[in-house]
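The values are calculated or read from the model by the stated rules, or taken from the named source; none is laboratory data. As the structure is a computational prediction, the values presented were derived from the model and not from experiment. Neighbour counts run over all protein chains shown; Cβ positions are idealised from the backbone, glycine included.
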Amino acid sequence: MNGEIANGTLDWSATVTLTEGENTILVIATDCAGLTTTAAVTVRYELIRGDLNGDNRITIADAAIALWIAATDAHNPAADVSGDDRVTSLDALMILRAAAGMIEL
Ligand SMILES: [Ca+2]
């Protein structure tokens, strides 16, 4: 699947890294006789700006994570809610205000 090998008979799994926007997942299945079939599915990954812990909500926990990112120079594009290509205390403040319902991100 997308270059990753998934093993199994009835069920299988593989980890696929998605990028923001549309992603096509290509699956090629081969049976023990060497016969193959191919299927593709397109999925859309929507990045929720400011949701840094992945719980699909903007909370004070996300603001704390943004502040940690700003203090450590780590990188997470979801934390750049101000849109200046940097993660600073401004982003943490904006996420905190969004968690309080004062602004929308
Ligand atoms: Ca969150």
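Can you report the number of residues in the range 1-29 which are more than 30 Å from PRO77 (Cα to Cα) and surrounded by 10 or more Cβ atoms within 10 Å (Cβ to Cβ)? Before you say what the answer is, go through the steps one by one.
From the range 1-29, those more than 30 Å from PRO77 (Cα to Cα) are 7-12, 28-29; that's our starting set.
Pick out the ones that are also surrounded by 10 or more Cβ atoms within 10 Å (Cβ to Cβ) and you get 12, 28-29.
Of the residues in that region, 3 qualify.
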Scanning the range 46-67 residue by residue, those at pLDDT 90 or above, within 11 Å of the chain's Cα centre (by Cα) and more than 8 Å from the ligand (Cβ to nearest atom) turn out to be ARG49
Conditions (1) assigned to a loop (DSSP other than H, G, I, E, B); (2) more than 16 Å from the ligand (Cβ to nearest atom); (3) not charged (D, E, K, R); number of the one not met by LEU105 = (2)
Pull up the range 70-92, narrow it to residues that are surrounded by fewer than 20 Cβ atoms within 10 Å (Cβ to Cβ) and of a type in the set (A, V, I, L, M), then point me to the one that is nearest to LEU18 (Cα to Cα).
-> ALA74
Report, ordered by the first and then the second residue, all pairs with beta carbons closer than 9 Å, sequence separation of six or more or different chains, a first member in the range 54-67 that is more than 19 Å from MET102 (Cα to Cα) and not assigned by TED's automatic domain parsing to the domain that holds ASP91, and a second member that is within 7 Å of the ligand (Cβ to nearest atom) and of a type in the set (Val, Ile, Thr).
-> none
Flag if ALA70 is within 16 Å of the ligand (Cβ to nearest atom) and either of a type in the set (S, T, N, Q) or assigned by TED's automatic domain parsing to the domain that holds THR88 (or both) = no
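Take the residues of the range 68-102 that are among the hydroxyl-bearing types (Ser, Thr, Tyr) and part of a loop (DSSP other than H, G, I, E, B): which is nearest to the chain's Cα centre (by Cα)?
Initial filter on the range 68-102 (among the hydroxyl-bearing types (Ser, Thr, Tyr)): 72, 82, 88-89.
Cutting the leftovers down to part of a loop (DSSP other than H, G, I, E, B) gives us 82, 88.
On the way: SER82: 18, THR88: 20 Å.
Result: SER82.
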